[in-house]
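Asks: One structure is given below, represented as structure tokens, and several questions about it will come after.
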Amino acid sequence: MNWWTKNSNRLNNEVHIMKQKFPQFQLGHSKSNRVINNMITLRKDQKYWLGKLRTISGKIYKVLLTYPEYYPGSEIKAYILNPKITHRQHRYHDGHLCLYSNDHGGRGQGTGPAMTAISFVGWVAAWLHGHEIYEET
């Protein structure tokens, strides 16, 4: 049984808050595997959020957030779909973003009951701001 069936209240709460804070993001349910950067990053029957973020510079990025199978025990993954980012800094092999420091003894900051898709959208926005500074310098 998937996590959103076991804990429908959690998903409903995230949907409600996302509509308030980031209404440009839409919840989806994948009907097939999706390949990004030559790797399957969205699996069949997986829940995800798709939306756009505008940075301080005015640039618009299309963002995909994928829920893991064992949410919230595993972290949501965030991908920038458009425009394509070619550098590998602060990104994993499949292209998902490295959104937080790993200097905490290996205990993931992006997991646990306090984490939500809303948190990840905020982290992605901060990552994009840093990315644009990196590109400029």
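The values are calculated or read from the model by the stated rules, or taken from the named source; none is laboratory data. Everything numeric in this text was worked out from a predicted model, so none of it was measured. Cβ placement follows ideal geometry from the backbone for every residue including glycine, while neighbour counts extend to all protein chains displayed. Only protein heavy atoms, including side chains, enter the accessible area calculation; ligands, DNA and RNA are left aside. Shrake-Rupley method; radii C 1.70, N 1.55, O 1.52, S 1.80 Å.
Asks: Can you count the Lys pairs in the stretch 1-59 with C-alpha separation below 21 Å, eight or more apart or on different chains?
Replies: Number of lysine pairs found: 10.
Asks: Separate question: As a test of the formula, what do you get for the chain when each DSSP H run with n ≥ 4 contributes -39,500 (n - 2.57) and the sum is divided by the residue count, at 222 nm and rounded to the nearest 500 deg cm²/dmol? Before the final figure, lay out the partial values.
Replies: Numbers: 3 runs with 38 residues, N = 137.
Result for the chain, helices only: -8500 deg cm²/dmol.
Asks: Under 8 Å for C-alpha pairs, at least 6 residues apart: give me the relative contact order for the stretch 33-73, rounded to a whole percent. Could the numbers behind the result be given before it?
Replies: Working: 43 pairs, mean separation 12.6, N = 41.
Relative contact order comes out at 31 percent.
Asks: Scan around Leu81 for amide H atoms under 5 Å from its own, H built in the peptide plane at 1.01 Å from N, and keep only partners 5 or more places away or cross-chain.
Replies: It is Lys62, Val63, Leu64, by chain and number.
Asks: Okay, next question. Find which of Val124, Met39, Ser57 sits farthest along the positive direction of the dipole of the chain, computed with +1 on the beta-carbon of Lys and Arg, -1 on that of Asp and Glu, about the Cα centre.
Replies: It is Met39.
Asks: Largest first, what is the accessible-area ranking of Lys47, Lys21 with a 1.4 Å probe? Each step should come with its number before you reach the end.
Replies: Working: Lys47 30, Lys21 130 Å².
Final ranking, largest accessible area leading: Lys21, Lys47.
Asks: Restricting to Cα pairs below 8 Å that are 6+ residues apart, what does the relative contact order work out to for the chain? Please round to a whole percent.
Replies: Relative contact order comes out at 19 percent.
Asks: Computed from these coordinates, which is Cα extents along the principal axes in Å: (1) 53, 28, 25; (2) 43, 37, 27; (3) 47, 35, 30?
Replies: Computing Cα extents along the principal axes in Å and matching it to (1) 53, 28, 25; (2) 43, 37, 27; (3) 47, 35, 30 gives (3).
Asks: Quick one: accessible surface of Trp123, probe radius 1.4 Å, all protein chains present, in square angstrom to the nearest 10.
Replies: The value for Trp123 is about 80 Å².
Asks: Can you give the angle from 0 to 90° between the axis of helix 117-136 and the longest principal axis of the chain, with both taken from C-alpha atoms, to the nearest 10?
Replies: Tilt of helix 117-136: around 10 degrees.
Asks: Treating the angle as unsigned and between 0 and 90°, give the value, to the nearest 10°, between the Cα long axis of helix 8-21 and the longest Cα principal axis of the chain.
Replies: 40 degrees
Asks: Dipole of the chain, Cα-centred, from +1 at each Lys and Arg C-beta and -1 at each Asp and Glu C-beta, to the nearest 20 debye?
Replies: On the way: 18 positive and 9 negative charges, 98 e Å.
Computed about the Cα centre, the dipole is about 460 debye.
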